[in-house]
Amino acid sequence: MDAGDAKRGYSPLLKLFHWLIAALVLAIWPLGLMIGFVKDDVKLDFYLVHESLGFLVLWLMLLRVGVRLTSKAPLIDGPPIERIAAHTVHGLLYVFLIVMPVTGFLATNAHGFPLVWFGLAEVWSPIGKSPDIAWTLSAIHEWSAWIILALVALHVGAAVMHHVVRRDDTLYRIL
């Protein structure tokens with residue numbers, strides 16, 4: 001990608017990762033929130049889907065980081081404080097979209113439930129049943145969810161501001 005491409009938009013692969021991960025997060029987040037409210041006879045089904053999709057997000061994020069490190073991002077226009085804010089929110093989204101599935105996966109294992117990805121294959125874990133750390137991992141996972149929600153709100157708010165108020169091409173760079 002040359003400098004002109006960096007001004008125009010993200011690579012098609014980064015766009016695909018962005019929207020695929022966004023769609024998954026929009027499905028996983030409420031699904032995880034609902035787990036506490038569903039009947040016990042379907043609770044394990046909710047966990048299976050939530051955990052399997054979360055594990056998929058982890059691998060997509062790792063691939064996304066690899067692609068992002070090897071390609072240029074569009075230049076961010078605006079005052080320095082806005083560029084700093086944009087880089088900070090993007091960086092934190094990357095961090096928490098990795099921290100969250102890792103801690104969810106480890107918490108599941110620490111509670112004594114190995115991940116069986118989409119009911120097809122058990123995923124090896126570096127930890128087994130570990131009640132001493134299970135609740136800590138679960139707390140980190142839950143706090144990460146709320147942090148991601150706040151970061152997504154900031155991210156979407158900034159995109160709307162650029163598109164509606166400033167009427168610039170920022171939103172089109174990821175479409």
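From (1) β-branched (Val, Ile, Thr); (2) surrounded by 14 or more Cβ atoms within 10 Å (Cβ to Cβ); (3) free of Cβ contacts under 8 Å to residues at least 12 places away in the same chain, pick out the condition that doesn't hold for Ile28.
(3)
If you scan segment 102-122, which residues turn out to be in contact (Cβ under 8 Å) with a residue 12 or more places away in the chain, surrounded by fewer than 15 Cβ atoms within 10 Å (Cβ to Cβ) and among the aliphatic types (A, V, I, L, M)?
Within segment 102-122, Val116 is the sole residue that qualifies.
Taking segment 92-135, which residues are within 16 Å of Trp146 (Cα to Cα) and either of a type in the set (Gly, Ala, Ser) or more than 22 Å from the chain's Cα centre (by Cα) (or both)?
Within segment 92-135, Gly104 is the sole residue that qualifies.
When you scan segment 164-173, do you find a residue that is part of a helix (DSSP H, G or I), under 25 Å from Ala27 (Cβ atoms) and either modelled with pLDDT of 95 or more or in contact with a helix residue (DSSP H, G or I) (Cβ under 8 Å, 6 or more places away or on another chain) (or both), even just one?
Yes: one or more hits.
Taking into account only those residues within segment 77-98 that are β-branched (Val, Ile, Thr) and without any contact (Cβ under 8 Å) to a residue 12 or more places away in the chain, which is surrounded by the most Cβ atoms within 10 Å (Cβ to Cβ)?
Filtering first and then ranking leaves Val95.
The values are calculated or read from the model by the stated rules, or taken from the named source; none is laboratory data. Every value quoted in this text rests on a predicted model; they were computed, and no experiment measured them. Glycine also receives a Cβ, built like all others from the backbone with ideal geometry; neighbour counts cover every protein chain displayed.
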